[in-house]
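Report on the following structure.
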Amino acid sequence: MSLRDPQNVGQVPRTSRVFDDVKLWVEEAVFGHRLYARQNPWLLFLEFMNVAEAHHREGNLFARTEPETSTPYSLRWRMGLRSVLFDNSQLGRLAEEKLDDESLWQEWFKEMARAAAPPAEGFDYLKQRFPRFQDFVELVGLVRQTALETSNNVRWSSRFIFPFGVNAIYSDAIIQQRSPKRDYTNFGRTGELLYLMVTRARGGEALKPHFEKLFDPDLPKNRLIGLLCADTDQRAPLEMPGNSFLPYRSHPTFDRLAEDWTAIFKLGLPGQDAYQHLAPLSSLHVLLYALETAAATVDLPRPSLVCEIIAPRRELVRQRSIASYYGNDALSRQAAEAYAERLIASEDWRDVHDPELPESERLQLAADLLERDFGYAPKELHVATPEDLLLQFRQALEAKHDDNWSSVHLSYGKGIGLVSSRGTNRNRYAPTDELLKTLVMARVPGRTEFGKFLTDLYAHYGLVFGPMEAKDALAAADFDDTSFERNRARLEARLSSMGLLKRLSDACAYVINPFAEKAA
């Protein structure tokens, strides 16, 4: 079944709140609701963890979902924990006071009486758990050190800690009248889409036991963080309708995501060390989902991503990588326009284009169909013809695309270390050491011959490094064997310097996954 097969593509119910809220439903029909450009890899993964933990709590973790059906869940605020960690500026000063424990606690309680959103029971529970005030101070300092630095964490209520366990997982919030309210600044629904992808992936169910272990409340670090949580932190009062929309019942990127995550878990990395690879892989596969879906929508083959291993001077590979990046970057706009134009050219719209009908009738019909098919309903029609109305619609679509969707490719690519403008004023694919290491962790089950590794990266992700892959991906006029051979050699040297590649006695270069060898 092809990606765009009608049996594979679900339609959002027109009664759905998200369809009503969006106002111009085009990119959402192609990609889902929604891919959010201002969500970095860690925020995307944290939102996913919130959704997954909520479904785990309800006993339906990674249960199969369908495009037409919502999947409600509930989230935790954990205002006790968050207030102690991030709305507690006087703790350090008090810790230096020469007072006994009782006096220190009383002084701290006075300070926290001004907390922006305290838990319902206050903070007395902490005194019962920490007879020594200094023990409390030290644990707060220790947990604060795990705070994730994101570009969007200006507000204290939008700061997050490393997800050591369920006690460290909570929703984004904005504080209004001393109470938390749901905010979409950091969690923009892409994490919810990521969860839906896993539920529809071949192999998604196999991930369930791995995440169940991560959500075990008895994990030592989770219990330690639990000492700072109020009893009411365990409640999950934020009811989420779960009506984010993912159109496809199946998609190759869903399967590849589950495959990569499973490979990471099989390495048996200690504690939550797997997260440093799961998070960037999440954003990588969401990026590839967007590119591959856009290409399929405009009847183009699966995109390739020509990657430059930074050279001392400008080479052909850099030019091809820049061209590859900008060609892929244009796909989402092309897909949105193609989807809209296909509907406008469909049989239902025939009378709109019929010059024999009165113009006023055609205008009203166009307005009705724009609202039905795209949710587009301007409050007032400042146009006289259906052609002018369609022009207005296309301009609105372009403006909406520029506001978010056009930035998804760049934002996610830079966030995971795939896209760079280093040494030039133009973007291209130039992966960082961290991303290369993650690719080795996910794709090398021990030891793999270097050439096979490159072939696999191309088959699995569409990444092009060497001449064999470039010859397949590029037109003959854009291909130069020597330039890509040098690019291949630079990648070999780079992996070797990272301890991820060795040349053995047979003179062959092998990519080594040291963690796979330990797991074996």
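The values are calculated or read from the model by the stated rules, or taken from the named source; none is laboratory data. Worth saying up front: this structure is predicted, and the values here are computed from it rather than measured. Note that each Cβ is placed from the backbone with ideal geometry, even for glycine, and that neighbours are counted across all protein chains shown.
Of everything in the stretch 478-516 that's among the hydroxyl-bearing types (S, T, Y) and more than 19 Å from L316 (Cβ to Cβ), which residue is surrounded by the fewest Cβ atoms within 10 Å (Cβ to Cβ)? Applying the filter and picking the extreme gives S505. Each residue in the stretch 449-463 was checked for being within 22 Å of H251 (Cβ to Cβ), in contact with a strand residue (DSSP E or B) (Cβ under 8 Å, 6 or more places away or on another chain) and not small (G, A, S), and 5 pass.
Within the stretch 1-28, take every residue that is closer than 17 Å to A290 by Cα and not polar (S, T, N, Q) and give me the one that is surrounded by the most Cβ atoms within 10 Å (Cβ to Cβ). Explain how you work it out, then say what you get.
Initial filter on the stretch 1-28 (closer than 17 Å to A290 by Cα): 2-4, 8-10, 25-28.
Imposing the further condition that a residue be not polar (S, T, N, Q) reduces the set to 3-4, 9-10, 25-28.
Values: L3: 18, R4: 14, V9: 15, G10: 17, W25: 22, V26: 24, E27: 27, E28: 22.
Filtering the stretch 1-28 for residues that are closer than 17 Å to A290 by Cα and not polar (S, T, N, Q), the one surrounded by the most Cβ atoms within 10 Å (Cβ to Cβ) comes out as E27.
Checked against the criteria, L381 does not count as over 24 Å from F19 (Cβ atoms) and outside any helix (DSSP H, G or I).
For the condition among the aromatic types (F, W, Y), at pLDDT 95 or above, more than 20 Å from E53 (Cβ to Cβ) and crowded, with 17+ Cβ neighbours inside 10 Å, what is the one hit in Y275, Y248? First the steps, then the outcome.
Values: Y275 fails: more than 20 Å from E53 (Cβ to Cβ).
Sole residue among the options that is among the aromatic types (F, W, Y), at pLDDT 95 or above, more than 20 Å from E53 (Cβ to Cβ) and crowded, with 17+ Cβ neighbours inside 10 Å: Y248.
Could you check the stretch 236-272 and list, in sequence order, the residues that are of a type in the set (D, E) and either on the phi > 0 side of the Ramachandran plot or not in a strand (DSSP E or B) (or both)? Explain how you work it out, then say what you get.
Here is the first cut: in the stretch 236-272, the ones of a type in the set (D, E) are 239, 255, 259-260.
Hits for the stretch 236-272 are D255, E259, D260.
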